Amino acid sequence: MEASLKNAMETRHSVRQYLDKPIPKAVCEALQAEVNRCNQEGNLHIQLILHEPKAFDCFLSRYGKFSGVSNYLALIGPKSSHLDTDCGFYGERLALKAQTLGLNSCWVAMSYRKVPGTFICQTGEKLMVVIALGYGKTQGVPHKSKSIEQVSNVSDQTPDWFRDGVAAALLAPTAMNQQKFFFTYENGTVTAKAGRGPYTKLDLGIAKYHFQLGADRAF
């Protein structure tokens, strides 16, 4: 695993208040390049929206304590049974890429409004969630976490890389910090399932990306 991505997993925390500071062109270009790669690999239509403050200028945003947000990623893709998991996987890849570029971020499911003309959602596509981006007023704080044993079948018989992967998954952000996922190792194969609750399939995708980084192998 890249040291920069490992560090990003450990240091990235949700940030809701941002400085009035533009993102440099070079950083935008690097992030857009990663968006392009994610869209190609994941068959998605994720879009980087810059200099657009209206989406977070609404009651829900203020209620959610968001301020200063004018940049975000719109996670969009073709409607399917796995779109939410795919958006979680590739969205977190982009959130961690943003962290390595010096940006802060926050997954946002409801505390924003759709502003006409800011992104393209074609026929058959769906906007899942957005990820706020920018330079945070703070670096955020770590979330409370379950134990490895609570979210996996880890044991003395499971390999170290599996434990490392699950530990990394527990660093992943989840809706309301619910961490409702479970990783199973059996006969050399890893499977992961989402529990019940809001956005658990999205959370599973985020956790799967973290697991892949921590285990240092494709899921």
Among the residues of segment 95-113, write down those that are open to solvent by 10 Å² or more (accessible area, probe 1.4 Å), farther than 13 Å from GLU34 by Cα and of a type in the set (Ser, Thr, Tyr).
SER111, TYR112
Looking at segment 183-219 only, could you name the residues that are under 19 Å from MET9 (Cα atoms) and either open to solvent by 40 Å² or more (accessible area, probe 1.4 Å) or of a type in the set (Asp, Glu) (or both)?
ASP203, LYS208, GLN212, ASP216, ARG217, ALA218, PHE219
Of the numbered conditions (1) more than 16 Å from the chain's Cα centre (by Cα); (2) under 25 Å from THR85 (Cα atoms); (3) at pLDDT 95 or above, HIS45 satisfies every one except a single condition; which is it?
(1)
Take LYS180 and decide whether it is open to solvent by less than 80 Å² (accessible area, probe 1.4 Å), charged (D, E, K, R) and under 22 Å from ASP84 (Cβ atoms).
no
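Quick grid of which residues meet (1) of a type in the set (Val, Ile, Thr); (2) in contact (Cβ under 8 Å) with a residue 12 or more places away in the chain; (3) within 26 Å of ARG62 (Cβ to Cβ); (4) in contact with a Leu (Cβ under 6 Å, 6 or more places away or on another chain):
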| residue | (1), (2), (3), (4) |
| --- | --- |
| THR85 | yes, yes, no, yes |
| PHE89 | no, yes, no, no |
| VAL108 | yes, yes, yes, no |
| TYR112 | no, yes, yes, no |
| PHE119 | no, yes, yes, no |
| HIS143 | no, yes, yes, no |
| SER155 | no, no, no, no |
| LEU170 | no, yes, no, no |
| ASN177 | no, yes, yes, no |
Please count how many residues of segment 122-142 are open to solvent by less than 60 Å² (accessible area, probe 1.4 Å) and either over 18 Å from LEU50 (Cβ atoms) or in a strand (DSSP E or B) (or both).
12
Report yes if some residue within segment 83-94 is modelled with pLDDT of 95 or more, open to solvent by 30 Å² or more (accessible area, probe 1.4 Å), acidic (Asp, Glu) and farther than 21 Å from PRO198 by Cα; otherwise report no.
no
Selection within segment 111-147 - in contact with a helix residue (DSSP H, G or I) (Cβ under 6 Å, 6 or more places away or on another chain), of a type in the set (A, V, I, L, M, F, W, C) and farther than 19 Å from LEU19 by Cβ:
VAL115, MET128
Within segment 62-79, tally of residues that are under 25 Å from THR123 (Cα atoms) and either surrounded by fewer than 23 Cβ atoms within 10 Å (Cβ to Cβ) or of a type in the set (A, V, I, L, M, F, W, C) (or both):
6
Taking first residues from segment 190-219 that are over 8 Å from GLY88 (Cβ atoms) and among the hydroxyl-bearing types (Ser, Thr, Tyr) and second residues anywhere that are assigned to a helix (DSSP H, G or I) and open to solvent by less than 40 Å² (accessible area, probe 1.4 Å), the pairs with Cβ under 7 Å that are 6 or more apart or on different chains are TYR199/ALA175
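The values are calculated or read from the model by the stated rules, or taken from the named source; none is laboratory data. Here the structure is a predicted model, which is why all the values come from computation and not from measurement. Every residue, glycine among them, receives a Cβ derived from its backbone with ideal geometry; neighbour counts consider all protein chains shown. Side chains included, ligands, DNA and RNA excluded: accessible areas come from the protein's heavy atoms. Shrake-Rupley method; radii C 1.70, N 1.55, O 1.52, S 1.80 Å.
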